[in-house]
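Worksheet: the structure to be examined is printed underneath.
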């Protein structure tokens, strides 16, 4: 390499990154893990120099982290209730909140196990353990509790319930045959078709809706807003649909 070319390389390495380059941290519900990783890769491809880092957990856990000052630029929740709390706490950037997807709660059993046709059948003596997310901290757990209450089965099932830290843990309990049944989102069940079987969609279950917003404390407000728009836009919708998510306004 000639001295001139060597000098050019050294100067290039010393130059700062483009002014638009940024890293954003997206705190998102555990059920969004696979779809959002795909969305993140596509967003980075269309925004050269920008990087998306994810923090996946139960929605309530993520909001608790944000309330305690943990860094985050975007928040995506698995229910309106958690996002409403974030809004009351003044955590959201004004005008950025929007619903971007919906889902369904389903009853799953280990692959090859006897089908359980409804939540009422969970009271059967052959069902010893039923996994749901903890209603105190997990939106999927609140959806499950509400469905069981509507079916009149909540009180009778208390002794059988195994409470999980997030919906993916419920799925793991069922896949590993540690419980006879579990209530998860349809999109979660779809990632383990060889290990779990959907046997019912509880008619008592509420529609699962996903809101997203940029956070007021973000130091990368422009990129955070761009990511929110990308998720809610046509490319984001196409990726979400690939993973089984429904449109936000699905009945």
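Where a number appears in this text, it was derived from the coordinates with a stated rule and is not lab data. These numbers were taken from a predicted model, which means no experiment stands behind them. Note that each Cβ is placed from the backbone with ideal geometry, even for glycine, and that neighbours are counted across all protein chains shown.
What do you reckon, is residue 172 assigned to a helix (DSSP H, G or I), under 19 Å from residue 139 (Cβ atoms) and touching a residue at least 60 places away in the same chain (Cβ under 8 Å)?
Considered against the rule, which asks whether it is assigned to a helix (DSSP H, G or I), under 19 Å from residue 139 (Cβ atoms) and touching a residue at least 60 places away in the same chain (Cβ under 8 Å), residue 172 comes out as no.
Could you check segment 148-166 and list, in sequence order, the residues that are farther than 28 Å from residue 56 by Cα and either in contact with a strand residue (DSSP E or B) (Cβ under 6 Å, 6 or more places away or on another chain) or buried (at least 16 other Cβ atoms within 10 Å of the Cβ) (or both)?
Within segment 148-166, 151, 153, 154, 157 meet the criteria.
Out of the residues in segment 84-101 that are in contact with a strand residue (DSSP E or B) (Cβ under 6 Å, 6 or more places away or on another chain) and under 13 Å from residue 210 (Cβ atoms), state the one that is surrounded by the most Cβ atoms within 10 Å (Cβ to Cβ).
Only one residue tops the list, namely 101.
For segment 227-244, give me the residue count where each residue is farther than 18 Å from residue 27 by Cβ and either in a helix (DSSP H, G or I) or in contact (Cβ under 8 Å) with a residue 12 or more places away in the chain (or both). Working first, answer last.
Here is the first cut: in segment 227-244, the residues farther than 18 Å from residue 27 by Cβ are 233-235, 237-239, 241-244.
Of the ones still in play, those that are also either in a helix (DSSP H, G or I) or in contact (Cβ under 8 Å) with a residue 12 or more places away in the chain (or both) are 234-235, 237-239, 241-244.
The number of residues fulfilling the criteria is 9.
Quick check on my filter: what residues within segment 216-235 are under 11 Å from residue 76 (Cβ atoms) and in contact with a helix residue (DSSP H, G or I) (Cβ under 9 Å, 6 or more places away or on another chain)?
Listed by number, the residues that qualify are 227, 231.
For (1) touching a helix residue (DSSP H, G or I) at 6+ places or on another chain (Cβ under 9 Å); (2) under 20 Å from residue 102 (Cα atoms); (3) without any contact (Cβ under 8 Å) to a residue 24 or more places away in the chain, each residue gets a yes or a no:
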{"residue": "129", "(1), (2), (3)": "yes, no, no"}
{"residue": "142", "(1), (2), (3)": "yes, yes, no"}
{"residue": "146", "(1), (2), (3)": "no, yes, no"}
{"residue": "151", "(1), (2), (3)": "yes, no, no"}
{"residue": "154", "(1), (2), (3)": "yes, no, yes"}
{"residue": "160", "(1), (2), (3)": "yes, no, no"}
{"residue": "165", "(1), (2), (3)": "yes, no, no"}
{"residue": "179", "(1), (2), (3)": "yes, no, no"}
{"residue": "182", "(1), (2), (3)": "yes, yes, no"}
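Looking only at segment 175-200, how many residues end up being part of a helix (DSSP H, G or I) and either touching a strand residue (DSSP E or B) at 6+ places or on another chain (Cβ under 8 Å) or closer than 23 Å to residue 123 by Cβ (or both)?
4
Does residue 38 satisfy being part of a helix (DSSP H, G or I), out of contact with any strand residue (DSSP E or B) (no Cβ under 9 Å at 6 or more places or on another chain) and under 22 Å from residue 146 (Cα atoms)?
Answer is no for this residue.
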